[in-house]
Every structure is written in C-alpha cells, then in structure tokens.
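What follows is a short report on a single structure.
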Amino acid sequence: MKKSLISLILGFLFVGYACKGPEKAEQPAASDLVARAKAIHDRVLALDAHIDIEVSFFTPEKPEKMGYQKLASLPAMRSGGLDGAFFTAYVEQGALAAEGYKAAHDLALEKIGRIHRVAEVEMPEDVAIALAPGDVPEIHKQGKIVALIGLENGYPIGEDIGNVEEFFNRGVRYITLSHVGHNQICDSSLGINAPAPLHNGLSLFGEKVVAEMNRLGLIVDVSHIGKESVLDVMRLSKAPVMASHSTLRDFCGIERMWDEEQLLALKNNGGVFHLVGLRMAVKAEPPGKTAAVSELRKKLGFPEDYWPFFQAFEEAPAENRREYNMGLEAIDKQWPPASVAEFVDHLDYLVKKIGIDHVGISSDFYDQSWSLEGWRDAGETFHITQELDRRGYTEDEIAKIWSGNTLRVWREVIAAARRP
C-alpha cells in the first residue's frame with residue numbers, strides 16, 4: 001500500500017512537470033530592445049510628409065519664427081534620424097482678388113526659391129531636392145537630407161491654371177488645395193473667411209486644377225479641405241491622393257477633422273493618410289486644461305480661439321511667446337499632453353481600419369507647445385520607430401509607414417499621368 005501511494009505521488013509530480021512545459025525564453029534586456037529599434041530606424045527611410053518652412057529655412061542665425069527652424073533644424077533631423085521631408089511653402093489665405101493672388105503667388109515662389117537655394121547653393125553637401133520617387137533613396141544613400149517640396153494652399157495658383165505647371169516646374173510635388181479658409185479652388189474644413197460654403201466642395205476651377213495636377217503627375221493633397229471637397233476629389237481624381245497631415249475627429253473631438261466616410265474613400269482611391277503628430281490632433285484636451293489655457297491666453301493678451309491665436313502667436317514678440325510656453329509647461333504638468341504611445345495607438349487603429357499600405361506619418365512641427373511628448377522636435381523622431389517596434393510591427397511595415405506608402409502613391413500618380 002505504501003509503495004502504491006509513493007508511485008501515485010510520483011505520477012502526479014511527473015504529470016505536473018510535463019504540463020508545465022518548457023521555461024519561458026528569457027526576455028531581451030531593455031538596452032537590447034533599444035539597440036534593435038535603433039538598427040531598424042537606421043535602415044528604414046524616415047520621411048515626414050509635412051513640415052512648414054519660412055523664408056529663413058535652415059538659417060539658424062535668423063530665427064524669425066521660433067518653431068520652424070528650431071524643431072526641424074538640420075542638426076535636429078540628423079540627430080533624430082529624420083531622413084527627409086516634404087518642406088511645404090505655406091501661404092496664408094487672403095482675399096479672393098487679383099492683388100491677393102499676386103501676393104500669395106510671389107510669397108510661395110520666394111519660399112520655394114529658399115529651398116532651392118539651401119540645396120543648390122548653401123548646403124549642397126547636406127541637402128538635395130528629390131523631383132522623382134527614384135531620387136529619394138539615391139539622395140539618402142549619399143547621406144544627404146531628402147528635400148521634397150509641397151505647397152500648402154492652392155490660393156497662390158490664383159485663377160490662372162498655368163500656374164499649376166509653373167509650381168510643378170519649380171519642384172513642387174504636392175499641393176494642399178486649401179488651408180484655413182475657403183478659396184477659389186474648394187471649400188476648406190474651417191471657413192474662417194466665410195463660414196458658409198462657397199462651392200459645396202470643389203469649384204469648377206477646382207475641378208480643372210485637379211485634372212491638371214493629374215496630367216502633370218502632381219500629388220493632390222486633401223488635408224485641410226472640407227468633407228465635400230474631399231469626396232469631390234476622390235470622385236474626380238484619376239490618381240491616388242494623399243492627406244499629408246490630418247487626423248480623425250474621433251481621435252481629438254474636433255468636428256472639422258476627418259470622419260470614417262472620408263477615410264474609407266481615401267482607401268478606395270488607393271491613397272495614403274498621414275497622421276499628424278500635433279498634440280491637439282491626437283487627444284482631446286480635458287475641460288480643466290482648456291480653461292487653464294484660455295486663462296493664460298487672456299492674461300498675455302492673446303485671442304482665445306484657435307486660428308486667431310495661431311496668427312497672433314506667430315507675430316508676437318519672442319518674450320511673449322516664451323512666457324506663454326512657460327505657462328503652458330506648468331499646465332502640462334497638471335494635464336500631460338498627448339504622447340508618442342497615444343499617437344501610435346491611432347496608427348494602430350488606422351492600420352486596422354484601412355490597411356498598412358495606406359498609413360503614413362507627419363509632424364507639422366511648429367512649436368514645442370504643440371508637439372507630442374516624446375516627439376517634441378525632429379531630434380526625437382526615433383521614438384516613433386521605437387514604439388512601433390515595441391508593438392510588434394515588422395521592419396518592412398515600419399518602412400511602409402515611414403516612407404514606403406508615400407513613395408508608392410507618388411509613383412502611381414506619375415504612372416496615371418502617363419496613361420492616355
């Protein structure tokens with residue numbers, strides 16, 4: 001009896017050991033995970049789909065605008081492994097009249113000319129302009145920053161369709177059809193100059209602009225434009241489009257942002273949606289923080305509403321901007337801003353919703369008070385790759401999100417232009 005009992009106990013011990021299975025593999029050390037992500041980041045081509053520039057682009061001795069130069073400076077891009085960007089000549093919306101069109105056209109050409117001067121005269125050893133998709137990897141292999149040129153706001157086109165080709169010949173490879181305010185091409189998602197729609201989507205001239213961009217192989221950028229404008233572009237365009245710097249209203253609670261109907265239309269068009277890394281585009285601000293920011297703006301004499309504040313902040317003396325940013329830092333300690341992890345949460349959602357082939361990234365760097373925690377400037381770009389790797393994205397998938405999808409759309413836009 002004792003022998004049988006011992007045999008039974010040994011049997012249970014054996015079964016328990018057998019069911020336990022092999023020991024779990026030892027988890028990689030944190031330093032090994034960082035090294036793995038760093039190696040991936042070094043191999044993929046990280047391309048930011050939207051960085052606004054000023055006429056002082058890449059001239060740190062002339063910091064007229066705090067954000068544009070400091071957050072996406074050449075040293076910051078180098079240190080963070082941001083290999084290139086669509087540097088966009090942003091032009092503010094003005095009056096829909098000949099004088100306004102002329103001023104906007106001249107400013108756009110001045111900013112575009114600045115990019116050419118940097119690449120061709122001042123920093124040819126560091127920066128080169130890509131005019132075709134195949135230029136991008138070649139420039140990258142040379143160890144240079146890849147400069148692509150975008151035009152944010154079709155307003156500088158005026159009412160002369162020939163200006164589309166002029167901008168193309170100057171190296172522009174995407175045009176955002178509108179910005180903040182309706183223009184002669186289409187309705188914006190935020191019509192500050194005329195709250196009611198002007199065209200209920202694209203204007204007749206806007207339809208010609210889209211057709212001309214298709215003919216030239218020029219990417220149509222549908223960020224900032226109103227929903228009906230987006231759907232009109234999807235209906236008319238013979239080529240894939242891009243949203244260079246957008247978000248969904250469900251992510252941030254801002255009504256004018258994209259809904260899922262627009263998102264699925266973009267997928268069906270074959271385009272790419274670049275999620276923008278601005279904190280207000282990633283997470284809705286809690287009421288307490290909104291009230292605190294409003295109070296800070298009033299204290300410093302800034303307008304409270306989003307766009308008037310943006311314009312006033314640009315023109316404010318450096319001391320006022322600095323005081324505002326210091327106040328905002330204190331507010332952020334109480335209500336932390338959106339983080340890289342939350343940004344990648346939204347990338348996860350987009351990948352599940354529209355597929356890995358239709359998702360990209362942009363920063364829209366302006367000022368650190370607008371940036372994500374963990375991607376405050378170009379020097380922290382690696383953190384995006386690190387988080388994607390941590391979540392199990394493969395190197396090929398990370399490469400698609402960072403640049404592969406953007407370049408695929410660009411190639412398809414050119415192919416569409418060559419079709420009879």
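The values are calculated or read from the model by the stated rules, or taken from the named source; none is laboratory data. In this text the structure is predicted, and so the values were computed from the model without any measurement. Because the Cβ atoms are built from the backbone with ideal geometry, glycine has one as well, and the counts that use them run over all protein chains shown.
Things to note:
- Exactly one residue out of Thr394, Thr406 is of a type in the set (Ser, Thr, Tyr) and either surrounded by fewer than 18 Cβ atoms within 10 Å (Cβ to Cβ) or without any contact (Cβ under 8 Å) to a residue 60 or more places away in the chain (or both): that is Thr394.
- A single member of Pro287, Pro308, Pro337, Pro303 is exposed (fewer than 14 other Cβ atoms within 10 Å of the Cβ) and more than 20 Å from Ser178 (Cα to Cα), and it is Pro287.
- Of all residues in the range 333-384, those satisfying the criterion of being among the small types (Gly, Ala, Ser) and in a helix (DSSP H, G or I) are Ala341, Ser369, Ala378, Gly379.
- One residue stands out in the range 139-178 among those that are more than 26 Å from Lys227 (Cβ to Cβ) and among the basic types (Lys, Arg): the one that is nearest to the chain's Cα centre (by Cα), namely Lys144.
- Meets criteria (in the same structural domain as Met213 (by TED's automatic domain parsing), surrounded by 19 or more Cβ atoms within 10 Å (Cβ to Cβ) and within 22 Å of the chain's Cα centre (by Cα)) for Val127: yes
- Selection within the range 181-198 - more than 22 Å from the chain's Cα centre (by Cα) and either closer than 22 Å to Trp410 by Cβ or in contact (Cβ under 8 Å) with a residue 24 or more places away in the chain (or both): Asn183, Gln184, Ile185, Ile192, Asn193, Pro197
- Among the numbered conditions (1) modelled with pLDDT of 95 or more; (2) within 20 Å of Phe251 (Cβ to Cβ); (3) over 16 Å from the mean Cα position of the chain (by Cα), the only one that Asn405 does not meet is (3).
- Conditions (1) modelled with pLDDT of 95 or more; (2) under 20 Å from Gly277 (Cα atoms); number of the one not met by Ser189: (1)
- If only residues of the range 263-272 that are assigned to a helix (DSSP H, G or I) and within 17 Å of the chain's Cα centre (by Cα) are counted, the one that is surrounded by the most Cβ atoms within 10 Å (Cβ to Cβ) is Leu266.
- The set of residues in the range 339-369 that are modelled with pLDDT under 95 and over 13 Å from the mean Cα position of the chain (by Cα) comprises Asp367, Gln368, Ser369.
- Which listed residue is within 28 Å of Gly270 (Cβ to Cβ) and either of a type in the set (A, V, I, L, M, F, W, C) or outside the structural domain of Lys70 (by TED's automatic domain parsing) (or both), from Leu372, Leu350: Leu350
- Condition met for Ile225 (over 23 Å from Arg418 (Cα atoms), within 22 Å of the chain's Cα centre (by Cα) and crowded, with 21+ Cβ neighbours inside 10 Å): yes
- Screening Ala312 on (1) at pLDDT 90 or above; (2) among the small types (Gly, Ala, Ser); (3) not assigned by TED's automatic domain parsing to the domain that holds Ser73 shows it passes everything except condition (1).
- Consider the range 235-259 and keep the residues that are of a type in the set (A, V, I, L, M), surrounded by fewer than 21 Cβ atoms within 10 Å (Cβ to Cβ) and not in a loop (DSSP other than H, G, I, E, B). The one that is farthest from the chain's Cα centre (by Cα) is Leu236.
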